[in-house]
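Read through the structure below, which is laid out as structure tokens, and then see the notes.
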Amino acid sequence: MNFYQIFRPLIFKLDAEFAHNLAINFLKYFPNLATSCTINKKYKNLQQTLWSLDFKSPVGMAAGFDKNAEAIKALQQFGFGFVEVGTVTPKAQKGNDKPRLFRLQEDRAIINRLGFNNKGAEVFAKNISQNKTLKEIIGINIGKNKDTENAISDYILLLEKFYGSASYITVNISSPNTKNLRDLQKEDQLDLFLSTLILKARELEKLHNKKTPIWLKVAPDLTLEEQKTIAQIALKNKIDALIISNTTISRPQNLKSKNAQEVGGLSGEPLFEKSNEVLKNFYKFTEGQIVLVGVGGIKNAQDAYAKIKCGASLVQIYSGLIYQGFGVVEKINRDLSELVEKDGFKNISQAIGIDLAA
Ligand SMILES: Cc1cc2nc3c(=O)[nH]c(=O)nc-3n(C[C@H](O)[C@H](O)[C@H](O)COP(=O)(O)O)c2cc1C
């Protein structure tokens, strides 16, 4: 039993959002104490280089945990290959009314309807400049303010602000908790939206003399036809990666927890199969031409490996950390390295999409 498992019953007695804020503050103010027991080994067969970024592990921290880039010093030390911070919006905003974060303990899941609560781009930029080191991969996840009508203006502003400092930028149009946000994924809006963003990104590439990859994060609640269309538009606009997926607004029949019908996005173990199905579809539709990042319900190395075999080059985790603590990252790395070796691969990249190979 590890340190986190001993304290988890106590932590789970606290309100979920209060516990989250406590964790962020602990990681922010005591980064070395928080990571003092961390074993952070390097596994050669897990290393990949994509867009000149050296990923020491394919396992990343998903967006939404460190919304204001306050805890990156600590997060970087848990063994992640990359850490995604945000979602940040141009202006600070409070988000939805509380309570808005719920544990579904029996289902090892979470429902949130936070609504992009964050301290805004100015504070975020300051935190990034104080905490980001050059060698670690930090992705910045951007979104729109609740009251912004012309969504693209917010994304352009954030792209300009963070293009120079981010290792990559994730365009988040898939949170279920900002009204009409997911409509940007629709065919009639997406092409214009992405082509405008990519045009700006090309300008910024020249200005900064640096290419910052642009990732797009999609919802799992898309019809097959919608997935196909998004894949085609992403290919056309040369999006660098697709993150599959955000939380789901669907509710599997078999959820046991009393919080199961709370409104919001469901994450954790019940999302695993659904996000894998969408991942497989995108791998087929993009014919391996776009890097895919698999997210949803990962609790161990087997789950991470399953996503890689479905077509993901990289994976991310969030809810699994709430149930198991950050120590699980090193365990996933170690076990994943063993799985790759057992299958006779020299490097994890050889396993990408093998479940779908004809
Ligand atoms: C409390 C909470 C807040 C989240 N906030 C964000 C967010 O701000 N931006 C985002 O792109 N995804 C957000 N997510 C979604 C996660 O990044 C991830 O896509 C999703 O939780 C599925 O992964 P998991 O099952 O490992 O948690 C949030 C998830 C949770 C649980």
**Asked** Which condition number does Ile198 fail, the rest of (1) part of a loop (DSSP other than H, G, I, E, B); (2) open to solvent by 10 Å² or more (accessible area, probe 1.4 Å) being met?
**Response** (1)
**Request:** Can you give me the number of residues within the stretch 148-161 that are surrounded by fewer than 22 Cβ atoms within 10 Å (Cβ to Cβ) and either under 18 Å from the mean Cα position of the chain (by Cα) or without any contact (Cβ under 8 Å) to a residue 24 or more places away in the chain (or both)?
**Result:** 3
**Prompt:** Given the conditions (1) surrounded by 19 or more Cβ atoms within 10 Å (Cβ to Cβ); (2) over 22 Å from Thr87 (Cα atoms), which single one is not true for Thr248?
**Reply:** (2)
**Message:** If I ask for residues that are within 14 Å of the ligand (Cβ to nearest atom) and either farther than 14 Å from Ala62 by Cα or among the basic types (Lys, Arg) (or both), which ones from the stretch 302-324 would you list?
**Reply:** Asp303, Ala306, Lys307, Ala312, Tyr323, Gln324
**Request:** Filter the stretch 47-67 down to residues that are among the charged types (D, E, K, R) and surrounded by 21 or more Cβ atoms within 10 Å (Cβ to Cβ) and give me whichever is nearest to the ligand (Cβ to nearest atom).
**Result:** Lys67
**Message:** Every residue in the stretch 5-37 that is away from the ligand (no atom under 16 Å from the Cβ) and either surrounded by 15 or more Cβ atoms within 10 Å (Cβ to Cβ) or aromatic (Phe, Trp, Tyr) (or both), please.
**Reply:** Phe7, Arg8, Phe26, Lys28, Tyr29, Phe30, Pro31, Ala34, Thr35
**Fill in**
Scanning the stretch 164-184 for residues that are away from the ligand (no atom under 13 Å from the Cβ), in contact with a strand residue (DSSP E or B) (Cβ under 7 Å, 6 or more places away or on another chain) and either over 21 Å from Gly294 (Cα atoms) or aliphatic (A, V, I, L, M) (or both) gives Ala166
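I need the full set of residues from the stretch 326-358 which are of a type in the set (Val, Ile, Thr) and farther than 14 Å from Gly81 by Cα, in order please. Working first, answer last.
Quick first cut of the stretch 326-358, residues of a type in the set (Val, Ile, Thr) only: 328-329, 332, 340, 348, 352, 354.
Within the stretch 326-358, Val340, Ile352, Ile354 meet the criteria.
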**Prompt:** Can you name the residue in the stretch 68-124 that is within 11 Å of the ligand (Cβ to nearest atom) and of a type in the set (Lys, Arg) and, of all such residues, is least open to solvent (accessible area, probe 1.4 Å)?
**Reply:** Arg100
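The values are calculated or read from the model by the stated rules, or taken from the named source; none is laboratory data. Since the structure is predicted, the reported quantities are computational estimates derived from the model, not experimental observations. Quick reminder, even Gly has a Cβ in these numbers, built from the backbone with ideal geometry, and neighbours come from all protein chains shown. What goes into the accessible areas is simple: the full protein's heavy atoms, side chains included, and nothing from ligands, DNA or RNA. Shrake-Rupley method; radii C 1.70, N 1.55, O 1.52, S 1.80 Å.
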